[in-house]
Amino acid sequence: MRIMLFHGEQSIADLADNIYACLSPKNHAVAETALLEANPQLKEIGRLKPGVILEVPRISGISFKADQSYADPVGQVGEALFQSLKAYHSQFEKAIGEAHEMLDKEVTLLEDEKLKELASSDRALKELVVAAMQGLEAREKRLKNCECAMLIFERLADELRKLSR
């Protein structure tokens, strides 16, 4: 099985140009059709994220570009998984960072001196502040669990990198 990583090409035509050599207009259409049949997710190519693994069909009469190496499918799968993990790790890391920023802002709001003063004289507001703070503490624990998952991503990526070499 031949595979490749999606690198963010804007169209199936661009993808075909990156994979196959010397495509005539007729062969270009054949290549695009074959890529779509092998990878239905390409119908919404604009929604694909870099790192998605694509099947590269062999097409009779059309050769691959010389710089493409498909000799080691196990290595390709390992490298493809590594690249996908790397992309997801980056997205996950960004989301965790954004969640921490939001959490910090919310804690700052709840620890505001004026709010504390108001809450000291209003029982319902005080209970609301306490409940909100407990909710933030629970979110902080979940974020710590996510950070632990990030370490697992990193270890897995390291192992895949070793295997794909």
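For region 96-122, filtering for residues that are loosely packed, with under 12 Cβ neighbours inside 10 Å and under 21 Å from the mean Cα position of the chain (by Cα) leaves 3.
Condition check for residue 10 on (1) out of contact with any Phe, Trp or Tyr (no Cβ under 9 Å at 6 or more places or on another chain); (2) in a helix (DSSP H, G or I): one failure, at (2). Here is a list: 125, 136, 151. Which entry is under 27 Å from residue 101 (Cα atoms), free of Cβ contacts under 8 Å to residues at least 12 places away in the same chain, more than 19 Å from the chain's Cα centre (by Cα) and assigned by TED's automatic domain parsing to the domain that holds residue 84? When all the criteria are applied, what remains is 125. Within region 1-15, residues that are at pLDDT 90 or above have Cβ atoms under 6 Å from residues that are acidic (Asp, Glu) in these pairs: 12/32; 15/9, counting only partners at least 6 apart in sequence or on another chain.
Considering only residues in region 19-28 that are out of contact with any helix residue (DSSP H, G or I) (no Cβ under 8 Å at 6 or more places or on another chain) and outside any helix (DSSP H, G or I), the one that is surrounded by the most Cβ atoms within 10 Å (Cβ to Cβ) turns out to be 21. The residue that is farthest from the chain's Cα centre (by Cα), counting only those in region 80-95 that are hydroxyl-bearing (Ser, Thr, Tyr) and surrounded by 14 or more Cβ atoms within 10 Å (Cβ to Cβ), is 84.
Which is under 25 Å from residue 82 (Cα atoms) and surrounded by 19 or more Cβ atoms within 10 Å (Cβ to Cβ), of 16, 31, 38?
It is 16.
The values are calculated or read from the model by the stated rules, or taken from the named source; none is laboratory data. Everything quoted here is computed from the prediction, not taken from an experiment. Note that we place each Cβ from the backbone using ideal geometry, even for glycine, and neighbour counts take in every protein chain shown.
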